[in-house]
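Mind looking over this structure? Questions follow.
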Amino acid sequence: MSNEPAGRIGTKTASEPFYLPLGNEVAVFEQCHAQQLAVMLKGPTGCGKTRFVEHMAWRLGRPLVTVSCHDDLTASDLIGRFLIRHNGTVWQDGPLTRAVREGAICYLDEVVEARQDTVVVLHSLSDYRRMLPIDKTGEQVPAAAGFQLVISYNPGYQRMLKDLKPSTRQRFVALDLDFPNVDRETEIIERESRTDHAIAHELAILGQRLRQLRDRGLVEVPSTRLLIAAARLIEAGIPARDACRAAVIGPLTDDESLLGAMQDLTDSTFT
Ligand SMILES: Nc1ncnc2c1ncn2[C@@H]1O[C@H](COP(=O)(O)OP(=O)(O)O)[C@@H](O)[C@H]1O
Ligand SMILES: [Mg+2]
């Protein structure tokens, strides 16, 4: 257990984080914020959940506090703890408490990774109470006006092992995010890598083809993030096939037959 508080606290960013909407998620999120409703973002790894939250925090002019969840994350990591100093103990707010006090958007990334007893501390914040009880100090912290809870998770991943309890799920408005279509993904790759349109388009098509291998047992399919990484390598002068092997195919699997199938698809895309 470290004394460093978990989570990154963001200052309001001056420049707009680029986010290309896929549907009506921007409008729905804005209404959730206005109505003080908590939001659950569902979608595969690398489809843009984090970027979407960064964009919405910027749009709404709220600070963003991000916590990456993992299975050691305790309620104290979120809420805070007493620190021992030479002249006694001092209370230090955790990232959730800071967000509650300052009316920030608190984003809990990959929330299913956290233990159930940690997730339970969110309950009183995600219903009409909008209150965070701090057991160790006896304080009840009311959520400041702009406070909003946002959680994300990947429904395809380890679904059988881990899931959110119904009593938790039902406190959130669910927004489904998924990979964009070829045209939108081309635009995203182009914007994020500064590569030319033709390369971006080919990578987007490759992405679509590789994602069809899900039916053949590929558990994690290539995300927009991986396609952007390949585009950056190509832009830096690495031949396209090599870039795809290193940035897209390699990270996804160690299975020889799947690697071979992905290599074939790559070779036929970049002839
Ligand atoms: N709709 C989108 N608009 C802009 N960039 C996107 C979008 N979707 C994905 N990206 C790009 O893909 C990268 C990975 O997305 P990210 O938000 O980190 O995914 P997730 O949080 O879902 O794992 C981002 O850094 C961004 O470059
Ligand atoms: Mg993320």
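The values are calculated or read from the model by the stated rules, or taken from the named source; none is laboratory data. Worth saying up front: this structure is predicted, and the values here are computed from it rather than measured. As a convention, Cβ positions derive from the backbone with ideal geometry for all residues, glycine included, and neighbour counts pool all protein chains shown. With ligands, DNA and RNA removed, areas are computed over all heavy atoms of the protein, side chains included. Shrake-Rupley method; radii C 1.70, N 1.55, O 1.52, S 1.80 Å.
Does region 147-154 contain at least one residue that is touching a helix residue (DSSP H, G or I) at 6+ places or on another chain (Cβ under 7 Å), among the small types (Gly, Ala, Ser) and over 30 Å from Leu125 (Cβ atoms)?
No: region 147-154 contains no residue that is touching a helix residue (DSSP H, G or I) at 6+ places or on another chain (Cβ under 7 Å), among the small types (Gly, Ala, Ser) and over 30 Å from Leu125 (Cβ atoms).
Turning to a different aspect of this structure: For region 49-68, which positions are open to solvent by less than 20 Å² (accessible area, probe 1.4 Å) and within 11 Å of ligand 2 (Cβ to nearest atom)?
Those that are open to solvent by less than 20 Å² (accessible area, probe 1.4 Å) and within 11 Å of ligand 2 (Cβ to nearest atom): Lys49, Phe52, Val53, Thr66.
Looking at region 262-269, can you tell me whether even one residue there is assigned to a helix (DSSP H, G or I), free of Cβ contacts under 8 Å to residues at least 40 places away in the same chain, touching a helix residue (DSSP H, G or I) at 6+ places or on another chain (Cβ under 8 Å) and charged (D, E, K, R)?
Let us first name the residues in region 262-269 that are assigned to a helix (DSSP H, G or I), namely 262-269.
Retained after the next criterion (residues that are free of Cβ contacts under 8 Å to residues at least 40 places away in the same chain): 263-264, 267-268.
Subsequent filtering for residues that are touching a helix residue (DSSP H, G or I) at 6+ places or on another chain (Cβ under 8 Å) retains 263, 267.
Remaining after also requiring charged (D, E, K, R): 267.
Looking for residues that are assigned to a helix (DSSP H, G or I), free of Cβ contacts under 8 Å to residues at least 40 places away in the same chain, touching a helix residue (DSSP H, G or I) at 6+ places or on another chain (Cβ under 8 Å) and charged (D, E, K, R), one finds at least one in region 262-269, hence yes.
List the pairs whose first member sits in region 36-65 and is at positive phi, whose second member is polar (S, T, N, Q) and crowded, with 19+ Cβ neighbours inside 10 Å, and whose Cβ atoms are under 6 Å apart, counting only residues at least 6 apart or on separate chains?
Gly46/Ser223; Gly46/Thr224
Shifting gears a bit: Can you go through Glu139, Glu113, Glu102 and tell me which one is in contact with a His (Cβ under 6 Å, 6 or more places away or on another chain) and either open to solvent by 60 Å² or more (accessible area, probe 1.4 Å) or not hydrophobic (A, V, I, L, M, F, W, C) (or both)?
It is Glu113.
Next question. Do we find a residue being open to solvent by 70 Å² or more (accessible area, probe 1.4 Å) and farther than 30 Å from Val39 by Cβ anywhere in region 199-211?
Looking for residues that are open to solvent by 70 Å² or more (accessible area, probe 1.4 Å) and farther than 30 Å from Val39 by Cβ, one finds at least one in region 199-211, hence yes.
Which pairs do you get when a residue that is at negative phi and of a type in the set (Asp, Glu), found in region 117-132, comes within reach of a residue that is surrounded by 13 or more Cβ atoms within 10 Å (Cβ to Cβ) and not in a loop (DSSP other than H, G, I, E, B), reach meaning Cβ atoms under 7 angstrom, with the pair 6+ apart or on two chains?
Asp117/Ala75
If you don't mind, another one. Looking at Pro222, Pro180, which is the one that is open to solvent by less than 60 Å² (accessible area, probe 1.4 Å) and either touching a Lys or Arg at 6+ places or on another chain (Cβ under 8 Å) or of a type in the set (Val, Ile, Thr) (or both)? So that I can check it myself, show each step before the final result.
Numbers: Pro180 fails: either touching a Lys or Arg at 6+ places or on another chain (Cβ under 8 Å) or of a type in the set (Val, Ile, Thr) (or both).
Sole residue among the options that is open to solvent by less than 60 Å² (accessible area, probe 1.4 Å) and either touching a Lys or Arg at 6+ places or on another chain (Cβ under 8 Å) or of a type in the set (Val, Ile, Thr) (or both): Pro222.
A further question follows. Hey, does region 219-237 have a residue that's acidic (Asp, Glu) and part of a loop (DSSP other than H, G, I, E, B)?
Initial filter on region 219-237 (acidic (Asp, Glu)): 220, 235.
Subsequent filtering for residues that are part of a loop (DSSP other than H, G, I, E, B) retains 220.
Yes, region 219-237 contains at least one residue that is acidic (Asp, Glu) and part of a loop (DSSP other than H, G, I, E, B).
Also: In the set Thr195, Thr168, which member is within 30 Å of Tyr128 (Cα to Cα), free of Cβ contacts under 8 Å to residues at least 60 places away in the same chain and open to solvent by less than 60 Å² (accessible area, probe 1.4 Å)?
Answer to the selection: Thr168.
Follow-up. Considering region 238-251 alone, what residues qualify as being in a helix (DSSP H, G or I) and out of contact with any Phe, Trp or Tyr (no Cβ under 6 Å at 6 or more places or on another chain)?
Taking region 238-251 as the starting set, the residues that turn out to be in a helix (DSSP H, G or I) are 240-249.
Residues satisfying the conditions are Asp242, Ala243, Cys244, Arg245, Ala246, Ala247, Val248, Ile249.
Being at pLDDT 95 or above, open to solvent by less than 30 Å² (accessible area, probe 1.4 Å), of a type in the set (S, T, N, Q) and away from ligand 1 (no atom under 14 Å from the Cβ), is that true of even one residue in region 83-97?
yes
Restricting region 15-43 to residues that are in a loop (DSSP other than H, G, I, E, B) and aliphatic (A, V, I, L, M), which is nearest to ligand 1 (Cβ to nearest atom)?
Leu20
Also: With region 90-208 as the region, which helices (runs of 4 or more DSSP H) entirely inside it contain at least 3 residues that are under 23 Å from the mean Cα position of the chain (by Cα) and not β-branched (Val, Ile, Thr)?
Counting at least 3 such residues, we get 95-102, 166-169, 182-193.
Another question, if that's okay. Among the residues of region 101-112, is any away from ligand 2 (no atom under 16 Å from the Cβ), touching a strand residue (DSSP E or B) at 6+ places or on another chain (Cβ under 7 Å) and closer than 18 Å to Gln140 by Cβ?
The initial filter retains those residues of region 101-112 that are away from ligand 2 (no atom under 16 Å from the Cβ), namely 101-104.
Among the residues that remain, those that are also touching a strand residue (DSSP E or B) at 6+ places or on another chain (Cβ under 7 Å) are: 101, 104.
Okay, now just the ones that are also closer than 18 Å to Gln140 by Cβ, so 101.
Yes, because at least one residue in region 101-112 is away from ligand 2 (no atom under 16 Å from the Cβ), touching a strand residue (DSSP E or B) at 6+ places or on another chain (Cβ under 7 Å) and closer than 18 Å to Gln140 by Cβ.
Please indicate, with yes or no, whether at least one residue in region 234-246 is more than 27 Å from Tyr19 (Cα to Cα), at pLDDT below 95 and of a type outside the set (Lys, Arg).
Within region 234-246, not a single residue is more than 27 Å from Tyr19 (Cα to Cα), at pLDDT below 95 and of a type outside the set (Lys, Arg).
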